[in-house]
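Reading through the structure tokens given below for one structure.
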Amino acid sequence: MRNCWIKIFWLIVIMSFWALQGVARAGYDYIDISHPFLRKIPIAVPLFKKVSSGHETDQLSKSAPDLLAETLEFTGYFKLLDREAFLVNPQTDAAFASINFHDWTSIGAELLVTGGVLVQDNLVEIELRLYDTFKEQLLVGKRYKGRVEDERKIIRRFCSEVIYTLTGDRGIFNTKIAFVSTGTGNKEIYICEFDGYNPRQLTHTKSITLSPAWASDGQWLAYTSYAKGKPDLYIKNLRENRSYVVAKKGINTTPAWFPNKFELAATLSFSDDPEIYLLTGTGKIIKRLTYNKGIDVSPTWSPDGKSVGFVSKRSGTPQIYIKDIDSGQVKRLTFQGRYNTQPSWSPKGDKMAYSGMENGHNNIFVIGFDGQGPIQLTHNEGDNESPSWSPDGNLIVFTSTREGPSRIYVMTSYGTDQRRLLVLKGRQTEPKWSPRMVNK
Amino acid sequence: MQKKLWIILALVFIVPGLLFTVSCAKKAVKEDTSLSQQAADEAAAEKARQEELARQRAIEEARLKEEAIQKAKDNFLNEDIHFEFDSAVLTPDAQEILKTKAEWLQNNPNVKSTIEGHCDERGTLEYNLALGERRASGAKSFLVDLGIPASRLTAISYGEERPVDPGQNEAAWAKNRRCHLTIK
């Protein structure tokens, strides 16, 4: 019965895709509305067909589908079917043109990705296709050419096509994660790909460096560093060698970029009291955003920039508040617990993720602006802190001490599929998911 | 005959005269050395003794003074003030310690001090940076109110970045929730 509904659902989705291309963007939203992570879509990714011969073709015909499967699985939407259970091996049996969909539906696959690899003089050509096995239809097919080293780039591009076809959203495959690590003995900022691949050290301050924050264009990163002996704010262009510093008396911390503008909010305490200010991207104060004796810290913007969430101790314990910028009104958002900090506004604007402390341990919570929640996403596994949303709003990156030292983990926005992102020397803290990178 | 008489006369007068002068001169010299030498020696010894005593007293005093100064300085540098969890309120104990620190700063008018605000690891990092700032600037205001010029004091927050005790228990956390003063 359930399967039947899903089939009908899929039919509607696919029909609307074909029928209303261009008009039906809203129609893609089904994945969100239907609570995507409760039931994962079974997908088969068999080994790719070798169009050429040789060592590199052999390798790519296995590594590329593995990477593709891993990359798709990262989204939390899919259940990967075991290759052992496949009835056919497209590497030897079937050409693209002659797929017997029954071979796939009978093992439970609802989606199928096939690929072909051709290598010539270190140049590679990969053809990739996504099929709906029940509808027996090609959903998207692409051919990519590049160097052998471009394998990852090619696979990610196609994954982006897959997710776009299924959800109407380009996904997160061109995003990065910035974080802080103590691997060198000092806290420095690192950047890795969305899936933990290729972590690289960005700062070399040999001091305490904290709280990275991405601008909407992904080209500027703001952070706090003790490079000159006290916590100053640095605003750094990641492509050019340009940067600005805010080094007022006291702390210059917790930057949060205003959506789609070269402006950011940050906590400054030059008045002897930590307050939140709006600054230009070059570090000049535009205006003060909070007025309250005592701690105000950790701003987070609503996606439309009309409101700012932040932490304040104005009621005696740290709680999360929301300020409407136009009216100046401040509303308290969290009432459960005595220590709620690190707010992160969801990219869709409907929820706030934060860390809440109970019995001496922090855990990640999500609270809806419709009065829903708070829902606790992490339970009984050390301290879980620093939530940051993926730009499509489907995943949350956070830190956990569940295996001892603080490390970076990813989960779906519903708390499912919690997994470690990467293993590095030292402790990792404060992960921040980048926006989608342009021209990449 | 006459000539012989002159010689005898000369001998009678000159020889004893010579003898007299010789013995007299000898005696006077002897007298002089024995008296002045002894007095001088005694005086010098006494003076040296006194000087030595004074010197030792001075050394002792200087040592004591130095010790007191060093002790005051050590106290200033080593005695941290502590806080309750998630609080920047100065406890009565903390205020007493800060008063001693203010005294020391007043006695050492050329010294500039940095007040570091620290937190335990339990809170979250960004909030703790703000909390450490409140602790440090609160302690600074207290010292300013006691007459220490603000220009001699710098407040800096380290949040939870620099614990003194890496332990994960209340004893360690209590030690880590502190303001530590250093001098420049």
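The values are calculated or read from the model by the stated rules, or taken from the named source; none is laboratory data. Values in this document were obtained by computation on a predicted structure and should not be read as measured data. When we count neighbours, we look across all protein chains shown, and the Cβ atoms used for this are built from the backbone with ideal geometry, even at glycine. Accessible surface is based on the protein model in full, side chains and every heavy atom, while ligands, DNA and RNA are left aside. Shrake-Rupley method; radii C 1.70, N 1.55, O 1.52, S 1.80 Å.
Per-structure values
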item	result
Residue list for the range A:380-398, restricted to those being touching a strand residue (DSSP E or B) at 6+ places or on another chain (Cβ under 7 Å) and touching a residue at least 40 places away in the same chain (Cβ under 8 Å)	A:E385, A:S386, A:P387, A:S388, A:W389, A:S390, A:P391, A:N394, A:L395, A:I396, A:V397
Listing of strands (runs of 3 or more DSSP E) fully contained in the range A:333-432 that carry 2 or more residues being within 14 Å of another protein chain (Cβ to nearest Cβ) and open to solvent by less than 60 Å² (accessible area, probe 1.4 Å)	A:340-345, A:351-358, A:361-368, A:384-389, A:395-400
Check on A:G54, over 27 Å from A:G168 (Cβ atoms) and at pLDDT 90 or above	yes
Qualifying residue in the range A:298-306 (condition: free of Cβ contacts under 8 Å to residues at least 24 places away in the same chain and either open to solvent by 10 Å² or more (accessible area, probe 1.4 Å) or touching a helix residue (DSSP H, G or I) at 6+ places or on another chain (Cβ under 6 Å) (or both))	yes
Residues (within 14 Å of chain B (Cβ to nearest Cβ) and open to solvent by less than 10 Å² (accessible area, probe 1.4 Å)) located in the range A:256-272	A:A265, A:A266, A:T267, A:L268, A:S269
Condition check for A:S271: touching a residue at least 24 places away in the same chain (Cβ under 8 Å) and either on the phi > 0 side of the Ramachandran plot or assigned to a loop (DSSP other than H, G, I, E, B) (or both)	no
Residue match in the range A:111-125 (condition: of a type in the set (S, T, N, Q) and free of Cβ contacts under 8 Å to residues at least 24 places away in the same chain)	no
Members of the range A:313-323 found to be in a strand (DSSP E or B) and open to solvent by 60 Å² or more (accessible area, probe 1.4 Å), listed by number	none
Top-ranked residue in the range A:88-109 [being among the hydroxyl-bearing types (S, T, Y) and modelled with pLDDT under 85; ranked as most open to solvent (accessible area, probe 1.4 Å)]	A:T92
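Results for (1) within 35 Å of the chain's Cα centre (by Cα); (2) within 30 Å of A:V311 (Cα to Cα), shown as yes or no for each residue.
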residue	(1), (2)
B:E66	yes, no
B:K73	yes, no
B:F83	yes, yes
B:D86	no, yes
B:T91	yes, yes
B:Q95	yes, yes
B:K99	yes, no
B:N108	yes, no
B:L129	no, yes
